[in-house]
Structures are given as C-alpha cells and as structure tokens.
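Below is one structure, written out as structure tokens; the observations come after it.
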Amino acid sequence: MIDLAGARRLLLAACPPLEPVQLDSAEADGCVLAADVVAPGNVPPFDNSSVDGYAVRATDLAGATEDAPVQLDVLGSVLAGSVADRPVRPGQAWKVMTGAPVPEGTDAVVMVERTSATRTEQLGAAGDRVEVRAEVAVGAGIRRTGSDVRAGELVLPAGTVLRPAHLGVLASVGARRVTGYRRLRVGVLVTGDELVTDGELRPGQIYESNRAMLLALLARANCRPVDLGVAGDDVAALRQRLSSAVRDCDAVLTCGGVSMGDSDPVRAALEEFGGLTWLQVAIRPAKPFAFGTLPGPAGPVPILGLPGNPVSALVSFELLARPALRHRMGHPDPYPATVLAIADAPLSRPHGDGRTAYLRVGCGFGPDGRLHVRPVAGQDSHQLSASASAGGLAEVADGRQVAAGDEVPVLLLS
Ligand code: AMP
Ligand code: MG
C-alpha cells in the first residue's frame, strides 16, 4: 500500500502540464495563465467623471454656499463616449455624465445634487446657467487616468487561475488573447460486461451509473468531457478503444477493471501496453488505482484507471484524478483544500488496516458560523444514493475516534 500523498506524487508526475497556447481571454474562465499579463495602456485611459454633474474650475466656486450660490455659464453637455469641443474659461462649466472625459480647463466635477439649473428645463444645453451651492475640492468627482491599472503594470501574474472578475480585468486592458493552459479533452470509458445503459435488465446485468457522473465531474473541473461509451471486459477490444481514444484526448479516465479480480481488463490492457502503475492506495473507499500512458499525436496521453464501485469512482476522482487533471492544466495548487468542521455525530470506523477513511458527510453551517457534518447513512462503496446527498468527505485516519463535537478535516465536494 502507498499513502495518498505518495500516490498523488506518482500520478502527477505522469500527468505533466500541456504546452501553453493562446486563449481567447473572454472564454478562459477557470483556465490558468502561463505568462504574466502586462497592461499595454492605462485604465481608465483618460480622466473622467465619476458622477453626473458639472465640470468646473474649483477656484470659481470658492465661497459658494446654500445661501450664496455661484452661477456658471454652461457650455453644453458631454455624454460618456463623447468629448467636449471647447475648454472651460473662468465662470464656465460643462455638464458631464458619469464616464465622460473631463473637459480641458476643469479640475473638479460637482455633483448634480449640489446644483440647480436656471433658465431652461433642459439641463446642459449651451446658453444655460447653473447655480452651484457648494465649494468643491480640486480633483473631486474625477477618476484619474491609470487609477485602476497603470500602463506597463503587471496586471495578472503567470499561475493565476482565472475567475470571472479576471476576465473583466483582461477585457479592461484590451488583452483579447492570453497565454495559458487550455481545457483538457478528457475521455471517459467505463468497463464491465454486466453494464447496460437502457432497456430491460437481463439476469446479472445492472444499469451503468458512473459515466454520467464522471462526465459531469469533468465539466465542473473545467475539462471538456468526451463520452467514450461502455466497453466490455475483453482486453483486446479495450486496448483498441484506448488506442483510438488517445488520438484526440489529452487524458482518458477508465472506470472499473483495476482490482484483483479474474477479469480486470484495464489493468491487463495497460500492462500489455507496457506502462502500468498499479497502486493500492491507503484510503477507504477507492483503494485500487491504475495509471499509465499511451502514445498520442502530441506526446504521451495519461490513462487513469478508476475503480468501478460507484462511490469509489467518485472518491477516486476527487482525491486522485482531479488533482492530476488540474496539474495537467497548469494549476499551481492542484490539491483540494480541506476545512475543519465540527462532527455532529461520531465518525470513527477503525479497521486496523492503516487506510484513511473518507466518509461521506452531509454538511451545513450552524448558528456558530462553523461547518457542521454528520455521516450519511450508507457508507458502503456501492451505495451511491446515500453518497449523492453528501456535501463533503471527512478525513478520518485509521484508528482515530471522532466523537460528536470534535473537529475533523472535510474536503468539500463540487
Ligand atoms: P470493478 O471495479 O470493475 O471490479 O467493479 C466493481 C463493482 O462496481 C462491480 O460491482 C461492478 O458491477 C460495479 N461497477 C463497475 N463499473 C460500474 C459502472 N460504470 N456503473 C455501475 N456499477 C459499476
Ligand atoms: Mg468490472
């Protein structure tokens, strides 16, 4: 047996990051930058108004109060996207809307709420006068050039895992393309002569359950899932399907056929290809895990062999496959985080075999603001329906007794 950390190290070494490519930044949510992004220009690119109001010379308003307002001549109105055609001279103002460039000659914008227009109802027409009832400090109401991002500044460093706000930042500096790691195309091939996808079950058959689950997990892991269907337990046929899968996948997940049984074809197929690493990982469930690589058009393609029991497949994906795929997509930090939660019920399952249990737990926040967990009823590795309601995996080392009220590390499920 190998501990989880050791298994992860071996597996990640077999799943090196893909070559970075040019990504369309608007489509890159969840992808990782492979190069720094430096701002080619300032954001905002010009001084502009942060309010709807009047662009003025602050000195013109010295001494203005409610009782002694100052009157200014209005040269016209500047909307966001347009530009004033004349500079302001003493005693003049431009009406400006939020985002409009601050006209030449002005050094402050006074909010419309501190003013009242005179003469016409149509505010901001040339020839209007505006009455300003307060002083204004130089620079008030103005968003300065480069006050968000300065030209030449490092906007996002290599290694950034892009989130929606980052896509906005990239758009704001005009970075339409960025250098990063693309989404992996990951095939899912489930194996087993007993598996059927529809129709009446004949004796000995079961409905296949893991393909939909794994494809959905991959989509949530920011991969592009490729459904490779259901294979039987015939080793030659399986080899054939794996060989063709690696032609257009960056990784392949298989499911089933990696344990000690008589007909464990994934293990046998990978063995025949000559690149099998077969692990007994010290975790419960999901002890068996196999991986290897097959030659693809752009280099070796990792094949990750998950166990077939549905709960084992889920746990194996979260603990092993997901970090490996994240590593292949350039994540600087591929491992899942655990949070410390309070156990609301005992969580001890000592087996004495040295395997760390990943118990499926229901999760919820208590009035104390802490995460509270309790085990779902049905912890066997075929009981997927019980695990489906679990929000996390509680990590309990073999022999540890977690009593109600104790803290326990929990890995939150997506
Ligand atoms: P295996 O890992 O192939 O030895 O399978 C272990 C157990 O999981 C057996 O009971 C299989 O019938 C079951 N199993 C394997 N693959 C699937 C699947 N895709 N859907 C549902 N059950 C499966
Ligand atoms: Mg099987």
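The values are calculated or read from the model by the stated rules, or taken from the named source; none is laboratory data. From a predicted model like this one, the values you see are computed outputs, not experimental measurements. Quick reminder, even Gly has a Cβ in these numbers, built from the backbone with ideal geometry, and neighbours come from all protein chains shown.
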- Query: If you scan segment 272-291, which residues turn out to be away from ligand 1 (no atom under 16 Å from the Cβ) and either buried (at least 24 other Cβ atoms within 10 Å of the Cβ) or not in a strand (DSSP E or B) (or both)?
  - Reply: 272, 273, 274, 275, 282
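Rundown of residues vs (1) away from ligand 2 (no atom under 16 Å from the Cβ); (2) over 20 Å from residue 311 (Cα atoms); (3) not aliphatic (A, V, I, L, M), yes/no style:
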| site | (1), (2), (3) |
| --- | --- |
| 176 | yes, yes, yes |
| 188 | no, no, no |
| 196 | no, no, no |
| 206 | no, no, no |
| 219 | yes, no, no |
| 235 | no, yes, no |
| 249 | yes, yes, yes |
| 266 | no, no, no |
- Members of segment 357-389 that are over 16 Å from residue 285 (Cα atoms), part of a loop (DSSP other than H, G, I, E, B) and not acidic (Asp, Glu): 366, 367, 369, 370, 389
- Message: Just the residues that are out of contact with any Pro (no Cβ under 8 Å at 6 or more places or on another chain) and part of a loop (DSSP other than H, G, I, E, B), please, taken from segment 310-350.
- Response: 331, 332, 333, 337, 344, 346, 348, 349, 350
- Within the group 325, 306, which residue is farther than 14 Å from residue 10 by Cβ, within 16 Å of ligand 2 (Cβ to nearest atom) and modelled with pLDDT of 95 or more? 306
- Checked segment 4-43 for anything crowded, with 18+ Cβ neighbours inside 10 Å and closer than 30 Å to residue 109 by Cβ; matches are 39, 42, 43
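Conditions (1) in contact (Cβ under 8 Å) with a residue 60 or more places away in the chain; (2) within 30 Å of residue 222 (Cα to Cα), marked per residue:
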residue	(1), (2)
58	yes, no
61	yes, no
66	yes, no
79	no, no
97	no, no
101	no, no
116	no, no
128	no, no
162	yes, yes
- Query: Are any of the residues in segment 200-210 closer than 30 Å to residue 232 by Cβ and in contact (Cβ under 8 Å) with a residue 40 or more places away in the chain?
  - Reply: yes
- Query: Where residues in segment 32-45 are in contact with a Ser or Thr (Cβ under 6 Å, 6 or more places away or on another chain) and either aromatic (Phe, Trp, Tyr) or not in a loop (DSSP other than H, G, I, E, B) (or both), which of them is farthest from residue 327 (Cα to Cα)?
  - Reply: 43
- Within the set of pairs 6 or more residues apart or between chains, which connect a residue that is without any contact (Cβ under 8 Å) to a residue 60 or more places away in the chain inside segment 222-239 to a residue that is part of a loop (DSSP other than H, G, I, E, B) with Cβ atoms less than 6 Å apart? 224/183; 226/249; 230/208; 232/193; 233/193; 233/263
- Message: Among the residues in segment 7-21, are any farther than 23 Å from residue 148 by Cα, within 19 Å of the chain's Cα centre (by Cα) and either in a strand (DSSP E or B) or of a type in the set (Gly, Ala, Ser) (or both)?
- Response: yes
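Per-residue answers, yes or no, for (1) within 25 Å of the chain's Cα centre (by Cα); (2) among the aromatic types (Phe, Trp, Tyr); (3) farther than 22 Å from residue 308 by Cα:
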position	(1), (2), (3)
346	no, no, yes
350	no, no, yes
376	no, no, no
390	yes, no, no
393	yes, no, no
- Message: Looking at segment 248-269, I want the residues that are over 15 Å from residue 193 (Cα atoms) and modelled with pLDDT under 95 and have a partner that is more than 12 Å from ligand 1 (Cβ to nearest atom) and not in a helix (DSSP H, G or I) with Cβ atoms under 8 Å, at least 6 apart or on another chain. Which pairs are those?
- Response: 267/276; 267/278
- If we scan segment 390-397, do we find a residue that is touching a residue at least 12 places away in the same chain (Cβ under 8 Å), in a loop (DSSP other than H, G, I, E, B), in contact with a helix residue (DSSP H, G or I) (Cβ under 6 Å, 6 or more places away or on another chain) and not hydroxyl-bearing (Ser, Thr, Tyr)? no
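Which members of segment 157-179 meet the condition of being surrounded by 14 or more Cβ atoms within 10 Å (Cβ to Cβ), of a type in the set (A, V, I, L, M, F, W, C) and farther than 14 Å from residue 41 by Cα?
158, 161, 162, 167, 178
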- Within segment 67-106, tally of residues that are within 19 Å of residue 46 (Cβ to Cβ) and part of a loop (DSSP other than H, G, I, E, B): 19
- Unmet criterion (only one of (1) under 19 Å from residue 6 (Cα atoms); (2) in contact with a Gly (Cβ under 6 Å, 6 or more places away or on another chain); (3) surrounded by 18 or more Cβ atoms within 10 Å (Cβ to Cβ)) for residue 332: (3)
- In segment 346-372, the residues that are within 22 Å of residue 383 (Cα to Cα) and of a type in the set (Lys, Arg): 349, 355, 360
- Of the criteria (1) on the phi > 0 side of the Ramachandran plot; (2) surrounded by 15 or more Cβ atoms within 10 Å (Cβ to Cβ), which one residue 75 fails: (1)
